[in-house]
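Peer 1: The structure follows.
The values are calculated or read from the model by the stated rules, or taken from the named source; none is laboratory data. All of these numbers come straight from a predicted model, not from anything done at the bench. All Cβ positions, glycine included, derive from the backbone under ideal geometry; neighbour counts span all protein chains shown. These accessible areas exclude ligands, DNA and RNA; they are computed on the full protein's heavy atoms, side chains included. Shrake-Rupley method; radii C 1.70, N 1.55, O 1.52, S 1.80 Å.
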Amino acid sequence: MLRLLVAPSGYKESLDAESVASAIAAGVRAASDRVHVVELPLADGGEGTARTMARITGGTIHGVRVTGPVGEAIDSHFAMLGNSDRPTAVVELAAAAGLRHVPSDRRDPMRTTTRGVGELVLAAIDQGAERIVIGCGDSGVNDGGMGLARALGARFLDANGEEIAQGGVGLGDLDRIDLSRLDPRIAATDFEVACNIANVLTGPDGVARLFGPQKGASPEEVEALAAGLDRYADIIERDCGNDVRTIPGGGASGGVGAGLHALLGARLISRFDALFPYFDVDAAIAECDLVITAEGGVDFKTARGKIPAEIGMRGRAAGKPVIVLAGTVGERAEVVLNHGVCAYFSTVEKPQTLAEAIEHTREQVTLMAEHVVRTFIAGMALGAATRG
């Protein structure tokens, strides 16, 4: 019997990881009743991380009303983990400042804010959290974590001693950071940031230039955002004594990684090192014959620390083939083949609008999974016949 591991992330703004795993598993079972399927939906710090971590640890989800990225109140949540040696919360940045909370006609990283993430942090501390893991990913912001820190009591002042504007647009006017009014409980709380450590704050590959366009920034705004983060890094170094320009993970979620490290003393950790131990990923790969992973899109950025490339590398190390299903196959997607992935397939089989693709994601994922497994089984049969 073929042993198949289904280990996907979610499809951004469409299906969470559990739903993607279920859809793939349904397609696998439609292809053959001689396949043993293990579903292992994964969290990478982005959308769905808090709920997935609560589920896998037997923890709890706590709903909170917070300030959304465009300044309007939204329903959000954080997780308290179960089976932990100390009270530990998972705060998912996407749940309070994610791109899905920014209407398509209001996507403006010059003005969106992470304030709601700081409000989640305060709610987690109120709940008794002594350790907080902040999952970075799928953000719609570029404010360096300024809004988050403001919710905790930090002040970001211009040359006249006035608070600068929220969002990335304000950072260009930053003259001084005042941490004297931080909530005193912050000092007694350990912060870890589960992030993509390939992302840095400034420079040619800085976060504004790499991700600003997908968050709605024009070419001119991208350069303004980059200049603001350069200014932010200068003031952080002067006022906080930390050079965050190119620290690994500093560019996570529009610079939130750098802000959390410099302002709250957070440790920046590879999201896979921080989260995958909870899932026992390597043991699951070792026990299977084939791995199917998935993500909403595959392109050249996938190799910069996203789940398909990480699973590909772990699969290659274990001698197991890894196949990727993706909603879209984008620019230079072939680079994932250098990271242990054997093949990748788009689940969108015909021309359609984004809205149509999102509406039909589940059935499209199921159908492509069925096709892939039928092909794999055919290959196994051909190999057996050839050897015979």
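Peer 1: Considering amide H positions built from the backbone, and no H for Pro or chain starts, which residues 5 or more places from Gly330, or on another chain, come under 5 Å of its amide H?
Peer 2: Val298, Asp299
Peer 1: Further question: Given Cβ point charges of +1 (Lys, Arg) and -1 (Asp, Glu) and nothing else, what value in debye, to the nearest 20, does the dipole of the range 1-67 about its Cα centre take?
Peer 2: 120 debye
Peer 1: Another question about this same structure. At a 1.4 Å probe, what is the % contribution of carbon and sulfur to the accessible area of the chain?
Peer 2: 50 percent
Peer 1: Something else about it: Per DSSP helix of 4 or more residues, -39500 (n - 2.57); summed, then divided by the residues of the chain. What does that give at 222 nm, rounded to the nearest 500?
Peer 2: -11500 deg cm²/dmol
Peer 1: Related question: Considering only DSSP states other than H, G, I, E and B, which trypsin sites (Lys or Arg not before Pro) in the range 308-372 qualify as loop sites with at most 16 other Cβ atoms within 10 Å?
Peer 2: Passing sites in the range 308-372 are Arg332.
Peer 1: For a Förster distance of 56 Å, can you work out the FRET efficiency between the beta-carbons of Glu349 and Thr60, rounded to the nearest 0.05?
Peer 2: That pair, Glu349 with Thr60, gives E of 0.90.
Peer 1: With the other protein chains left in place, how much accessible area per residue, in square angstrom, belongs to the chain at a 1.4 angstrom probe?
Peer 2: Ligands and nucleic acids excluded, the result is 40 Å² per residue.
Peer 1: Provide the net charge surrounding Ala194, with neighbours chosen by a C-beta distance below 14 Å and charges set as Lys +1, Arg +1, Asp -1, Glu -1.
Peer 2: Taking every other residue near Ala194 into account, the sum is -4.
Peer 1: Moving on. Sticking with the crude label model, points 7 Å out along Cα→Cβ, report the distance from Arg181 to Asp289 in nm, one decimal please.
Peer 2: If labels sit at Arg181 and Asp289, their model points lie 6.4 nm apart.
Peer 1: How far is it, in nm, from the label point at Asp280 to the one at Gln127 when both lie 7 Å from their Cα along the line to the Cβ?
Peer 2: Once both label points are built, they end up 2.5 nm from each other.
Peer 1: Hey, another quick one. Debye sum, Cα scatterers, the chain, no solvent: what log₁₀ I/I(0) at q = 0.11, 0.14 1/Å?
Peer 2: -0.75, -1.15
Peer 1: Using a 7 Å offset from the Cα along the Cα-to-Cβ direction at both Asp205 and Ala378, what is the distance between the two label points in nm, to one decimal?
Peer 2: Distance between label points: 3.9 nm.
Peer 1: A further question follows. Just to be sure I understand: if I project the alpha-carbon convex hull of the range 116-205 onto a plane and average over all orientations, what area do I get in nm²?
Peer 2: 6.7 nm²
Peer 1: Continuing with this model, one more query. Using only Cα atoms, figure out Rg for the range 168-271 and give it as a multiple of 2.2 N^0.38 Å.
Peer 2: My calculation over the Cα atoms of the range 168-271 gives 1.05.
Peer 1: Sum up the charges of everything whose Cβ sits under 13 Å from the Cβ of Ile285, counting Lys and Arg as +1 and Asp and Glu as -1, but leave Ile285 out.
Peer 2: -1
Peer 1: Show me 375-387, 97-109 ranked by packing, highest mean number of other Cβ atoms within 10 Å first.
Peer 2: 97-109, 375-387
Peer 1: Next question, about the same structure. Take each of the peptides 114-127, 233-246, average the number of other beta-carbon atoms within 10 Å over its residues, and list them starting from the highest.
Peer 2: Taking the mean over residues of other Cβ atoms within 10 Å, the ranking is 114-127, 233-246.
Peer 1: Angle between the Cα long axis of helix 252-264 and the longest principal axis of the chain, 0 to 90 degrees, nearest 10?
Peer 2: 50 degrees
Peer 1: Taking the Cα of Asp273, stepping 7 Å toward and past its beta carbon, and measuring to each backbone N in the range 161-202: which are under 19 Å?
Peer 2: Flagged as within label range: 190-201.
Peer 1: In addition: Name the residue from Ala274, Ala23, Leu120 whose Cα lies farthest towards the positive end of the charge dipole of the chain, charges +1 on Cβ of Lys and Arg and -1 on Cβ of Asp and Glu.
Peer 2: The residue sitting farthest along the positive end of the dipole is Ala23.
Peer 1: Continuing with the same structure: Can you give the relative contact order of the chain as a percent, counting alpha carbon pairs under 8 Å and 6+ residues apart?
Peer 2: Reported relative contact order: 17 percent.
Peer 1: Moving on. Along the charge dipole of the range 20-110, which of Gly45, Val70, Pro109 sits closest to the positive end, that is, farthest toward it, with unit charges on the beta carbon of Lys, Arg, Asp and Glu (+1, +1, -1, -1)?
Peer 2: So the residue we want is Gly45.
Peer 1: What ranking do 130-142, 169-181 get when scored by the average of other Cβ atoms within 10 Å per residue, highest first?
Peer 2: 130-142, 169-181
Peer 1: Rounded to the nearest 0.05, what FRET efficiency is calculated for Asn160 and Glu331 with R0 set to 30 Å and r the Cβ-Cβ distance?
Peer 2: Once rounded, the FRET efficiency stands at 0.10.
Peer 1: Run the count for the chain, please: Lys pairs, Cα-Cα under 21 angstrom, 8 or more apart or on different chains.
Peer 2: 7
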